[in-house]
Structures are given as C-alpha cells and as structure tokens.
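What follows is a short report on a single structure.
The values are calculated or read from the model by the stated rules, or taken from the named source; none is laboratory data. Quick caveat: nothing in here was measured; it's all calculated off a predicted structure. Note that each Cβ is placed from the backbone with ideal geometry, even for glycine, and that neighbours are counted across all protein chains shown. Side chains included, ligands, DNA and RNA excluded: accessible areas come from the protein's heavy atoms. Shrake-Rupley method; radii C 1.70, N 1.55, O 1.52, S 1.80 Å.
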Amino acid sequence: MSVTNVAAPMTDTELDQLSVDTIRTLSIDAVQQAKSGHPGTPMALAPLVYTIWNRVMRFDPEDPIWPNRDRFVLSNGHASMLLWSVLHLTGTRAVNADYERLGQPSVSLEDIRRFRQIGSKAPGHPEYHWVSGVETTTGPLGQGVATSVGMAIAQKWLADRYNRPDFAIFDYDIYVVCGDGCLMEGVAAEAASLAGHLGLDNLCWIYDNNHITIEGQTSLAFTEDVATRFLAYGWNVLRVGDANDIDRIQQALGVFRKTKTRPTLIILDSHIGYGSPHKQDTSAAHGEPLGDEEVHLTKRSYGWPEEAQFLVPNGVREHFAAGVGARGAAARSRWTALFASYRARYPELASEIDQMQRRDLPTGWDRNLPVFPADTKGIAGRDASGKVLNVLAQNIPWFLGGSADLGPSNKTTLTYEGAGSFQAGSPGGKNLHFGVREHAMAATVNGLSLSKLRAFGATFFIFSDYARPAIRLSALMELPTIFVFTHDAMGDGEDGPTHQPVEHLASLRAIPGLVTLRPGDANEVVEAYRYVLQLRHQPAVLALSRQPLPTLDRRIYAPATGVARGAYVLADPSGQNPEVILIASGSELSLAVEAHGKLLAEGIRSRVVSMPSWEIFEHQTQEYRDSVLPPGVKARVAVEQASTFGWERYVGTSGFVIGMKTFGASAPLKELQRKFGFEPDRVVAAARAQLGRA
Ligand SMILES: Cc1ncc(C[n+]2csc(CCOP(=O)(O)OP(=O)(O)O)c2C)c(N)n1
Ligand SMILES: [Mg+2]
C-alpha cells in the first residue's frame, strides 16, 4: 500500500500498518532533526506499542489521569519517541500540577519537531511531571520495570480496600516495555523476584529481545536464559517470535489478561532499526541518527514518501480515535457512572479515593500523634518513629510501607490490630515485606507513590546507597515518597565502619528537591513526620538514631515545632545576644545542649541551633535565617556525626566543624564518641577557640 494514495479507502489492516509506520517515521525524523536520539528501537517496537495502545489498553486520551486507567511504562526510556508518537497520535490531553485537565495536547507535532530541545514536551527520555501521559520517569535502565512492581502492588491494594461486589473500582493492569539493558540491571532481578513472590498477575513486562546493546551483540555479555530465569521467579513466560506480527502480540497480551496468580513476561524477538537496509540488527541503529541517505532508503522500504517529514497521513489519528480513543472513552464513562453509584452507596470510601487522588490528607490525619515528656534517658529516634508510623497508618487509610528485611530494627512494623501483611493472599495488608532488596524497595515505593498511595520504605541509613538511584528519581519526579533510614550514624558501634554512614547525609543533601531530616529528639521526630506528611511534591529522607536520645524539656527549650522551619533557636543565653553559635542535628543535639550549659557556666554567651533539615531552612526567608544565624556572630561550631562536607555554608570559612573526615570503626559507641571527638568538652573547647579564648 502506498501512503501517497491515502485518499483511497483503507482496510483496518492497512490502517494498522500505516499507524505503525507513522510511529516509525516520526521517530526517525525527530532523531534526524535533533541530530541525537535513539531511532532503532522505536522502529522495531512500533508494532508492539501500537498494539498495546490501540488494541488493548484502557486509556482515555481525554483524561490521562483517570484513576482506573491501565498503566504503560517504557522502561527502555531511550526509546522515548515511541511514547511521544503515541501520545501525539492519540491526542492525549495535558494535565497540570493541580491535576486539572487542560485543553492542549500533551505532545504536539511541534514538540516532536523540537525533540530533545529546551521546553519541548518531547524530551530525550520520558519525564513524569513534565509530560502528561508519562506514568514514570525512565532512562536509568531497570528503574521502570522496578517501579512497575509498585504500581502493581498499588492496584492490588486499592482493589482490596475499595472494590465491592459489583463495584470493580480498581481493576487496571500495568504494561511495561523493557530491553536487554533493563533485564541486565540488578534492580530488575530484585523486582522480578518480588513480583513473582507476590503473584502480581496484573503486571506484564514485554522484553525486547533484539540481541543488541550499545557495545554490540548481547553475546558479548548477556547469554543467560532469560525465560528460564523468569520461570524460576514464578512468572508466566510467553514468546512472540516476530515483532511485526501484531495479531500474535495481541494474542499474547490476551493470554496475560487471562493469567491468574503470576506476572507475565512476553519475550518478543525484534530487529533493532527494522527496515533500515544498512543498520538493521546493528548497534549503529541504537543511539544515533540514521543519516539522510539511510532515512530515504528506510522510508522507501516502508513504502513511505521519501521526501516527507513528520508526516501523519490522513486516517491515522482517526484510527487511534476509533481504537484507544473510543475504547478508553467508553471505559472511562462506564467507570464514571459506576463510581457515581459507588459514591451513593459508599460515600466515605469514595471521598477517600477523591482525597487520595489529590494527594490531600484526611481530616484528623495527625490526631493522637505522641507527645514525649522530658526524659534524660530518652528514646531512640527509630522507636519514636515506630510510634508515629503506627498512628499515621491508622489515621490515613492509604498510608502503608515496609522495610527491606529490617522491620524489627527500623521499628517500622505496623503492629496495631488489623494492620496485616501484604501478600498474594492478603493484598489489603499495610506491612510490605520487601526482602533484602533495597533498590527494588525504593523503586517500588516510588511506584506506590505514583499510584497516589502514601508510602514509605525503610532500611539502615548506610544501605541508602543501595537505593540511591530510585531516591534520586523520586526527587526528579517530585513524588512525596518517604524513606525511613535508621542507624543514622555511629550508633551501630560494634558493627563497625561497614555499617556506619559518613558521607550519606552530604550526598543526599546534594540531591535537588529531596528533603532530608535528622531529628534531635523524640518530639523532633514527631514534628519531622508532621512536616513530611504535608509534602505533596517532594520526597523526604528521615535519618533516625538507633540509640536513645534524651528527650529535651520543652518548658526550658524552644518547642519542637521549630522543625518545620528546618532550623531554630533551641537555647540562648538569657536576655543577652549570643557570641558563639553551636549548630547540631540528630544525636549531637543533646551534646550541643550539654556544651551550652558548660559554656554559660563559664560566662560564654552561647546559642544552640537545632538544624534537622538544611533544605527546609534554605526555604525560609532571609530575615528568619538571619534571626537564627545572625550574620554578625562569626564564632560558630557545627556538630554532626557525619561527613563535615558542606558545613562551611553555615559556620563560614572561619567556623569549626566537629564531624567525620574518615570512616568509623568497630567499637562500643562510647569509645567511638571519644575517639572521634563527639564529647561536650570538645565542643566547649571549639567554642572557646572560636572566641579566641583557648
Ligand atoms: C543504568 C543505566 N546504565 C547505562 C545506561 C546507558 N545506556 C542507555 S541504552 C543502553 C543499552 C541498552 O541496551 P538495550 O536495553 O538492549 O536497548 P536497545 O539498544 O536494544 O534498545 C545503555 C547502556 C543507562 N541509560 N542506564
Ligand atoms: Mg537490546
């Protein structure tokens, strides 16, 4: 069939092919125009993505955030032109940050012409929060597949809580496209193992088995039997031998939809750069423009007008409208009617769903939060956190989470009656057991958060390294994911330097948009959670102590509500201006308070600033920040059991930082505190030295 002859009536089969080739040629042209990008995989997978979208998925382009839509994740994010093409051809509408539907298209043809250029809604990789219709940001290989497991868990959980007989409010599926790279990544293995264990039959990964990665043939480095691996994980494994056979692809997707108690992997044999006479099946098709000559030859092989660029032939948009458009609109209107009668019958559940979708909190979400009485012996940050989590999970129906096998140590287990464990047979449980899989845990929690659940993941602070790529993505996606990291410093004592975080705070503080909080006593833990729960578009890390921290007497010291400003004046010389400022976080706060007492006794006018969060403090007014750290007071000492890196910004170049410049050591905590200088007298000496009174 010739595209130039589009005036002639076409059969559905012809329209299918025309649509597939439109995706291919838009991808080729966009990459060529941008002089950068990845044409080969869109050329190969256009039939797959076409089939998922136009024949199977329940997605209404008019409302890309309709809660019961099927999810589509492009885990091989370098093939982003697949997504930009279908979002454009389906006429998917844009949504703003307040979840309001806008009239304009999510991705216009102009955006595609400006692929990879500043401001374009067709950026290099799929970006959630930048382009409506993108379900999660992908590009770092493996993240998409891992995040999809969280989406699948979320669907199961939502169905369990909200569905009622005759009211299938949540019954959506998750379709994920991935390549060799994704399946080579460790995080995919963690996530697939977890998904198999949980029997997530709403999850379908389609593996682009093209035998090519950047360096060449996968025979260079990837020769395992993927099918057998996934069978061992407990997945249903299907094969489709020809990526151009859309009927066969549709049939495999149909098998997925009928498969119960197991996730599905469809192994799809494809030819990267399909149709390019000189580049097909080579790594040259992966990540560079085809070149003018090859573009012509390739279009010729498709029977496409060689000179045309960014061509969307007549009939293609209509074909998508008649496929996914009509099916999605019908599904959404059925659902809307269903939800209206559900609302009449179950008004409270319906209003929970409304609130959750807007990332609002239910009224009374913070009732019964504990208030801890002054206590010199005190309570560990992790213990205070455990009490808070148990209250929040009871107040907020859709608040849930878990640990990477450290629940008893992290104190994150939800122990109240009915909290339950999330398992295949109990999908309403609120305790998630991630197993020893920190990276998949963090990605999964992002997936829960993308599904509008309020979710946390926990491990030792040291192992945040194993979760870091997903933490970074939570910040990039502006998700309110919560990371609970205990054993925040050297409290681990005898476990030694492998278990003692040093550079972790500094490195997490360096992630744009991520809020880190290291509360200094139990009441600061409560206030930290109060702050974090009100975030709608920012992830947070809570760094909590293993060991008890004295609970400060708030009749003497400033109230812990100061946490909401990032840093606050905890104690001052009475009625006088301070001459030296002690700044501390976490376990070092009580140390600073002790030093403060000694300094006052010596007649030195010291101030203690509690600084649980740099990021929150940075967002306060200059006036407030100057009131906490008066520019005129240059004598400053910061104390934090972590890398000193970056503290100059608060103590200045002439200030002093008591922190870590080396790794820790294996010894009881008391000895470590002595060895590394976390003792009141050292703080006192540093303060004196700052004032030139050594
Ligand atoms: C974590 C991570 N490591 C490396 C890269 C760089 N990278 C992008 S694509 C790619 C090769 C991927 O091969 P495959 O998934 O088979 O994609 P195909 O070329 O077949 O589309 C690599 C190494 C990346 N994006 N993410
Ligand atoms: Mg490949």
- [ ] Please give the helices (runs of 4 or more DSSP H) falling wholly within the stretch 565-633 in which 1 or more residues are modelled with pLDDT of 95 or more, open to solvent by 20 Å² or more (accessible area, probe 1.4 Å) and under 22 Å from Gly378 (Cβ atoms).
- [x] 588-601
Task: Test set (1) out of contact with any Asp or Glu (no Cβ under 6 Å at 6 or more places or on another chain); (2) open to solvent by less than 30 Å² (accessible area, probe 1.4 Å) - Arg343 fails condition number - done: (2)
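Per-residue answers, yes or no, for (1) in contact with a Leu (Cβ under 8 Å, 6 or more places away or on another chain); (2) within 25 Å of His504 (Cα to Cα):
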site: His596; (1), (2): yes, no
site: Ala601; (1), (2): no, no
site: Ser606; (1), (2): yes, no
site: Met611; (1), (2): no, yes
site: Gly632; (1), (2): no, no
site: Ala665; (1), (2): yes, yes
site: Lys675; (1), (2): no, yes
site: Ala685; (1), (2): no, no
site: Ala689; (1), (2): no, no
Open item on the list: Just the residues that are within 16 Å of ligand 1 (Cβ to nearest atom) and of a type in the set (A, V, I, L, M), please, taken from the stretch 140-193.
Closed with: Leu141, Val145, Ala146, Val176, Val177, Leu183, Met184, Val187, Ala188, Ala189, Ala191, Ala192
Task: Hey, Leu533 modelled with pLDDT of 95 or more and under 27 Å from Phe645 (Cβ atoms) or not - done: no
TODO: Go through the residues of the stretch 491-505 one by one and say whether even a single one is touching an Asp or Glu at 6+ places or on another chain (Cβ under 9 Å), open to solvent by less than 10 Å² (accessible area, probe 1.4 Å), in contact (Cβ under 8 Å) with a residue 40 or more places away in the chain and closer than 25 Å to Leu200 by Cβ.
DONE: no
Open item on the list: Please return the ranges of helices (runs of 4 or more DSSP H) entirely within the stretch 308-392 where 3 or more residues are hydroxyl-bearing (Ser, Thr, Tyr).
Closed with: 326-345
TODO: Could you look through the stretch 73-85, keep only residues that are under 16 Å from Ser120 (Cα atoms) and among the aliphatic types (A, V, I, L, M), and pick out the one that is nearest to ligand 2 (Cβ to nearest atom)?
DONE: Leu82
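Going residue by residue through the stretch 288-297, is there one that turns out to be within 16 Å of ligand 2 (Cβ to nearest atom) and either under 30 Å from Asp12 (Cα atoms) or not in a strand (DSSP E or B) (or both)? Show your work before the answer.
Just the residues of the stretch 288-297 that are within 16 Å of ligand 2 (Cβ to nearest atom), to begin with: 288.
Imposing the further condition that a residue be either under 30 Å from Asp12 (Cα atoms) or not in a strand (DSSP E or B) (or both) reduces the set to 288.
Scanning the stretch 288-297, I find at least one residue that is within 16 Å of ligand 2 (Cβ to nearest atom) and either under 30 Å from Asp12 (Cα atoms) or not in a strand (DSSP E or B) (or both), so the answer is yes.
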Task: Search result, residues across the stretch 537-552 that are within 25 Å of Ala686 (Cβ to Cβ) and not in a strand (DSSP E or B) - done: Ser545, Gln547, Leu552
TODO: Looking only at the stretch 194-217, count how many residues are in a loop (DSSP other than H, G, I, E, B), of a type in the set (Asp, Glu) and within 14 Å of ligand 1 (Cβ to nearest atom).
DONE: 1
Open item on the list: Just checking, does the stretch 168-185 include any residue being farther than 30 Å from Arg345 by Cα and away from ligand 2 (no atom under 16 Å from the Cβ)?
Closed with: yes
Task: Pair list, Cβ < 6 Å and 6+ apart or interchain, from the stretch 114-130 residues that are within 14 Å of Ser27 (Cα to Cα) to residues that are assigned to a loop (DSSP other than H, G, I, E, B) and of a type in the set (Lys, Arg) - done: Gly124/Arg116
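Return yes when Ala380 is within 20 Å of Val541 (Cβ to Cβ), free of Cβ contacts under 8 Å to residues at least 60 places away in the same chain and buried (at least 18 other Cβ atoms within 10 Å of the Cβ) and no when it is not. Write out each step before concluding.
Values: within 20 Å of Val541 (Cβ to Cβ): yes; free of Cβ contacts under 8 Å to residues at least 60 places away in the same chain: no; buried (at least 18 other Cβ atoms within 10 Å of the Cβ): yes.
Spelling it out, it is not the case that Ala380 is within 20 Å of Val541 (Cβ to Cβ), free of Cβ contacts under 8 Å to residues at least 60 places away in the same chain and buried (at least 18 other Cβ atoms within 10 Å of the Cβ).
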Task: Residue under evaluation Tyr172, criteria (1) in contact with a His (Cβ under 8 Å, 6 or more places away or on another chain); (2) of a type outside the set (S, T, N, Q); (3) open to solvent by less than 20 Å² (accessible area, probe 1.4 Å), criterion not met - done: (1)
- [ ] Inspect all residues belonging to the stretch 301-323 and state whether any of them is crowded, with 18+ Cβ neighbours inside 10 Å and closer than 19 Å to Gly40 by Cβ.
- [x] yes
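When you check Leu231 against the structure, is it more than 16 Å from ligand 1 (Cβ to nearest atom), farther than 20 Å from Gly144 by Cα, of a type in the set (A, V, I, L, M) and assigned to a strand (DSSP E or B), yes or no? Quick ask: steps written out before the conclusion?
On the way: more than 16 Å from ligand 1 (Cβ to nearest atom): yes; farther than 20 Å from Gly144 by Cα: yes; of a type in the set (A, V, I, L, M): yes; assigned to a strand (DSSP E or B): no.
For Leu231, the condition - more than 16 Å from ligand 1 (Cβ to nearest atom), farther than 20 Å from Gly144 by Cα, of a type in the set (A, V, I, L, M) and assigned to a strand (DSSP E or B) - is not met.
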Open item on the list: Looking at (1) away from ligand 2 (no atom under 16 Å from the Cβ); (2) within 25 Å of Phe422 (Cβ to Cβ), which one does Gly124 not meet, given that it meets all the others?
Closed with: (2)
Open item on the list: Please go through (1) within 16 Å of ligand 1 (Cβ to nearest atom); (2) buried (at least 20 other Cβ atoms within 10 Å of the Cβ); (3) of a type in the set (D, E, K, R); (4) not in a strand (DSSP E or B) for Glu224 and return the number of the only condition it doesn't satisfy.
Closed with: (2)
Task: Residue match in the stretch 279-297 (condition: open to solvent by 60 Å² or more (accessible area, probe 1.4 Å), touching a Pro at 6+ places or on another chain (Cβ under 9 Å), of a type outside the set (A, V, I, L, M) and touching a residue at least 60 places away in the same chain (Cβ under 8 Å)) - done: yes
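Which residues, taken from the stretch 673-694, are aliphatic (A, V, I, L, M) and at pLDDT below 95?
The answer is Ala694, and nothing else.
Would it be correct to say that Thr261 is modelled with pLDDT of 95 or more, out of contact with any helix residue (DSSP H, G or I) (no Cβ under 9 Å at 6 or more places or on another chain) and not aliphatic (A, V, I, L, M)?
Working: modelled with pLDDT of 95 or more: yes; out of contact with any helix residue (DSSP H, G or I) (no Cβ under 9 Å at 6 or more places or on another chain): yes; not aliphatic (A, V, I, L, M): yes.
Yes; evaluated as a whole, the condition is true for this residue.
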